[in-house]
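The next block holds one structure in the form of structure tokens; read it before the comments.
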Amino acid sequence: MERADRRRELVGWLLVAPSLLFMAFFFAVPIGAFLLRSVDNTDLVGAMPRTMAEIGGWNGQDLPDESLFMALGEDFTALPDITAAASLGRRLNHNLTGYRSLVMRTFTGLRRHEGPLGREALIAIDKRWSDPAHWRVIQQERSWLTPLYLLASLDLERGPEGIRTIPPERRLFVDLLVRTAWISIAVTLLCLVLGFPLAYVMASSGPRLSSWMLVLVLLPFWTSLLVRTTAWIVLLQRNGLVNQVLERLGLIDAPLTLIYNRLGVYIAMTHVLLPFLVLPLYSVMKGVGGDLTRAAAGLGAPPSTVFRRVYLPQVMPGIIAGCSLVFVLALGYYITPALVGGPRDQMIAHFIAYFTSTSVNWGMAASLAGILLLMVVVLYAALARLVGLDRLKAR
Amino acid sequence: MAGAPNQASLVERLVFRGTRIAALVILVVLVAPMIVIVPLSLTSGTLLIYPLPGLSGRWYEEFFTERLWVQATWNSVLIAVPTTVLATTLGTFAALGLNRLRSRLVPAVAVFLITPLIVPVIIYAVSAFYFYSRLGIVGTYPGLIFGHTALAIPFVVVTVNATLKNFDANLLRAALVLGATPRQAFARVTLPLILPGVLSGGLFAFITSFDELILTLFVASPEQRTLPRQLWSGVQETINPTIAAAAVVLMLVSVLVMLLAEWLRRQGRRIQGKQ
């Protein structure tokens, strides 16, 4: 018997293994490897091995001594080509603006330079090497791991006295996170306001009517988000149907700008995400019998009290599940804001894409992705906990 | 005493009536954008506005003859079909395995297999771009197929798992007691009973890949431009009726898949209901 059990388990694992390995290799490992880029500093440390080994001994105040200048000169001469120099410059520029030109000028200067490397030679090529601030950056970044990008995605940086906020004119990401959260909250609330009556009517109608309504909710649910966003662009454009109808009705004189702004984002995202709220809410509402509400009404409770004290608590799990689902999905939205939003309406996903494909800053892309993933995972964990607790209570 | 209940029921009736009307309006708004675009794709003019100057199939003709759109349609099929086969096979095996296992690790494994439903696709897309380029499969068909398969597996696992939960294990025991070999029992009892679930899992996998855009944006090269990818660049360049035609084609595929899935669900219920 025990042997049969063991065999059963073995076969089970053999059946699960292909998916497990596939998902690990093509899904989990890529995400893990990518997220590690948020703290990864090997590109920099690997490009300047001699300098990094020396710079720990420097006091951070005075001009570094000759051996450190020598090390830096040797590291720069050892760079294989101008592409390597450019990527080193770009990397250091993340810490201090202007570093890119410093690196490039030093690299090309050293190529033409003859004679001994060292303090004199480097300062002759670029005077900025006599400024300890530029050396402090290298000293600060001498470890294989760097908090630079994670701090930067929260508008923070490392100063001489520890972590501090960056100057207001360069701040960007806290604003972005707040905007992302705000758009998601607004869309969630809109979905709740629209979805609640719809789900309620679906659940309280007869089986025939309710299954027809279900089909009408499932239709957009199955249709690709891109197609639905496209449809909204067509409807909301300057001479689109919505503006035409409003003008015909005499409600407006000139076409409204309904798209490429925040309003367009709210409309299209609410439309796309509404089924995700209606479906779970509907299934909970359908499970709630009318017995308790009838009993409460029979005992003399006014309808508003019945609704608030009896009905609402019963459907609360559906509201929580639907709202969390919509909120979490909205947090990561990319396509819809990209197509119907303006530059000021882009969410965190847009910047992850931007840092990946336009500015090729893996550190920032991975940091923002890490923050987004953390928010999503925390919310899901909280939801699982909540729903789990609810089940316990029901028992 | 006489007036109060009446008043309450009048308010109640009004609220109820109001809710019904609101629900109806919301339902119309939910479906309207997709309905409205259908006549626009049949316009004889060049603008996507009402009233239509006349009806014509010219934009569908353009869609089905213009090289970019034809190639995109082919690419979508070339990627979605292998994805469907791969995801359905792997996902069905996994669901069967999960159902067999008694291990304490089962919940963790199940959660791991559905993480693509939780992780925002943008994170997966840029990660795939980053990692697949090291494997040398960015800008290749296998790269996209593997990428889409990972997104599709959870749907198959969930669908087949739901079917297996309703599966009456006594039937399998009966077959074994009556002398069937485990292989025969699987082929003649288990498989026919879970087949509708497997097929609807496959439909989910197909539509996941066929409609996928974000991963495609990062992992595909121009050579692997799919229909959603082509639509995406079309929407950003100029909104013309060919785009409406493409959107309608994509929508029709979705509706077809939805109807098939619904039919399969009913079949599945019927077969399992017979027990």
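Per-structure values
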read-out	value
The stretch A:173-394 shape via C-alpha gyration tensor axes, a/c threshold 1.5	oblate
Solution diffusion estimate, µm²/s, Stokes-Einstein, chain B, Kirkwood Rh from C-alpha pairs, 25 °C, viscosity 0.890 mPa s	111 µm²/s
Label point distance in nm, B:Leu256-A:Trp212, each placed 7 Å from Cα along Cα→Cβ	2.7 nm
Cα→Cβ-extended label distance, 7 Å offset, between A:Arg6 and B:Val70, nm	6.2 nm
Kyte-Doolittle mean at least 1.6, axial Cα span of 18 Å or more - DSSP H helices of chain B	none
A:Glu247 versus A:Arg294: modelled label distance in nm, points set 7 Å from Cα along the beta carbon direction	5.5 nm
Max mean-square fluctuation residue, GNM over chain A, Cα-Cα springs under 10 Å, options A:Leu15, A:Leu235, A:Leu246	A:Leu15
Cβ-based exposure ranking for A:Cys191, A:Cys323, in which fewest neighbours within 10 Å come first	A:Cys323, A:Cys191
Only Lys, Arg (+1) and Asp, Glu (-1) charged, at Cβ; the protein assembly as shown dipole about Cα centre in debye	2740 debye
Among A:Asn261, A:Asn93, A:Asn59: highest mean-square fluctuation, GNM of chain A, C-alpha pairs under 10 Å	A:Asn59
Neighbour count of at most 13 Cβ within 10 Å plus DSSP loop: longest GluC sites (Glu not before Pro)-free window in chain A	A:162-395
Förster radius 45 Å - calculated FRET efficiency between A:Leu145 and B:Ala32 (Cβ-Cβ, nearest 0.05)	0.30
The stretch A:342-383 and the stretch B:165-243: distance between their alpha carbon centers, rounded to Å	29 Å
Chain B: most fluctuating residue of B:Val28, B:Val189, B:Val70 per GNM, C-alpha cutoff 10 Å	B:Val28
FRET efficiency for A:Ala254 and A:Val178, using Cβ-Cβ distance with R0 set to 30 Å, rounded to 0.05	0.35
Longest to shortest principal axis, alpha-carbon extents of the protein assembly as shown, angstrom	101, 81, 64
Whole-Å distance, taken between Cα centres, linking the stretch B:17-43 and the stretch B:125-143	40 Å
Residue-span extension gain [A:Val378 to A:Ile82] - 0.36 nm each, minus C-alpha spacing	102.2 nm
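We did not get these values from a lab; they are worked out from the coordinates using the rules stated. Predicted model only: the values in this text are computed from it and were never measured. FYI the Cβ positions are ideal-geometry reconstructions off the backbone, even for glycines, and counts take in every protein chain you see.
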